[in-house]
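Let me begin by presenting the structure, written as structure tokens, before commenting on it.
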Amino acid sequence: MPRSGAEARRRLQQAALELYQERGFDQTTTAEIAARAGVNERTFFRHFPDKREVLFDGEADLRATLIQAVAEAPDGLRPLDMLLCAFREAERILERNRPFAEPRLRIIAMTPALRERDLAKAASLSDAVAEALRQRGVADRLAGLAAVTGWAAFHQAAQAWIDDPSQSLYAHLLRVFDDLRALYGSDVPAQARPEG
């Protein structure tokens, strides 16, 4: 039996990952997760409100890290560069949790209900990041656009990091943000856009 709350939580997460990979998310029950972890089902519910949240643990820490990093980003940066600073801080969390992050992303990708939850969580995090940008003086419209775009770039980099672990998440982030800059670095001014 786990001796501490943190140990029980870790074992529950590991058991859930194993069972979701073996049987699939929909076919796994909280009772089975608890049994695999060596605890009772009541202990499961002391740590997680439902079996989906096992995969989204740590969201509050990630949110706090991103908000603080935006607040502390150097003055004079453009919104996307402030986000790159914030994602650099988030990288440390993900690098520590790579053994959990990799199977987690695969399980979410294979499960429609989890993809929906992931999108809702991403929207909530984007809103928090947008508000952090507004607090730094970024205009409302630009803050929202930067947050959504930055979060999409972060997800792209995270998937590349899972696919190619030979480079750090930050290296993948730099590449994706360079790609973003290339997208909006066109020589065609906005006024010359074709009318639609």
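The values are calculated or read from the model by the stated rules, or taken from the named source; none is laboratory data. All values reported here derive from a predicted model rather than from experimental measurement. For neighbour counting, all protein chains shown are included, and Cβ atoms are generated from backbone atoms with ideal geometry for every residue, glycine included. Heads up: the accessible areas ignore ligands, DNA and RNA and are worked out on the full protein's heavy atoms, side chains in. Shrake-Rupley method; radii C 1.70, N 1.55, O 1.52, S 1.80 Å.
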**Asked** If a residue has to be open to solvent by less than 80 Å² (accessible area, probe 1.4 Å) and either within 22 Å of Leu105 (Cβ to Cβ) or in contact with a Phe, Trp or Tyr (Cβ under 8 Å, 6 or more places away or on another chain) (or both) to count, how many in the range 34-49 make the cut?
**Response** 4
**Asked** Out of (1) of a type outside the set (Phe, Trp, Tyr); (2) open to solvent by 40 Å² or more (accessible area, probe 1.4 Å); (3) in contact with a Lys or Arg (Cβ under 7 Å, 6 or more places away or on another chain), what's the single condition that is false for Asp127?
**Response** (3)
**Asked** Ala69: crowded, with 17+ Cβ neighbours inside 10 Å and in contact with a Leu (Cβ under 6 Å, 6 or more places away or on another chain), yes or no?
**Response** no
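If you scan the range 132-147, which residues turn out to be part of a helix (DSSP H, G or I) and either basic (Lys, Arg) or crowded, with 17+ Cβ neighbours inside 10 Å (or both)?
Taking the range 132-147 as the starting set, the residues that turn out to be part of a helix (DSSP H, G or I) are 132-135, 140-147.
Passing the criteria: Ala132, Leu133, Arg134, Arg141, Ala143, Gly144, Ala146, Ala147.
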**Set Arg117, Arg92: member being surrounded by fewer than 16 Cβ atoms within 10 Å (Cβ to Cβ), part of a helix (DSSP H, G or I) and either modelled with pLDDT under 90 or out of contact with any Pro (no Cβ under 6 Å at 6 or more places or on another chain) (or both)** = Arg92
**Message:** When you scan the range 136-147, do you find a residue that is closer than 28 Å to Phe25 by Cβ, of a type outside the set (D, E, K, R) and free of Cβ contacts under 8 Å to residues at least 24 places away in the same chain, even just one?
**Reply:** no
**Request:** Hey, can you tell me all the residues within the range 95-114 that are open to solvent by 50 Å² or more (accessible area, probe 1.4 Å) and at pLDDT below 85?
**Result:** Glu95, Arg96, Asn97, Pro99, Glu102
**Prompt:** Among the candidates Leu55, Leu17, Leu62, Leu12, which residue alone is in contact (Cβ under 8 Å) with a residue 24 or more places away in the chain, under 26 Å from Leu180 (Cβ atoms), surrounded by 15 or more Cβ atoms within 10 Å (Cβ to Cβ) and not β-branched (Val, Ile, Thr)?
**Reply:** Leu62
**Item:** Contacts under 9 angstrom Cβ, first residue in the range 83-99 being farther than 17 Å from Arg136 by Cβ, partner outside any helix (DSSP H, G or I), 6 or more apart
**Value:** Glu91/Ser168; Ile93/Gly58; Glu95/Ser168; Asn97/Gly58; Arg98/Pro165
**Prompt:** Can you name the residue in the range 148-163 that is open to solvent by 50 Å² or more (accessible area, probe 1.4 Å) and modelled with pLDDT under 90 and, of all such residues, is farthest from Glu131 (Cα to Cα)?
**Reply:** Asp163
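Rundown of residues vs (1) modelled with pLDDT of 95 or more; (2) farther than 22 Å from Met110 by Cβ; (3) part of a loop (DSSP other than H, G, I, E, B), yes/no style:
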residue: Ala8; (1), (2), (3): no, yes, no
residue: Glu32; (1), (2), (3): yes, no, no
residue: Leu55; (1), (2), (3): no, no, no
residue: Asp75; (1), (2), (3): no, yes, yes
residue: Leu84; (1), (2), (3): no, yes, no
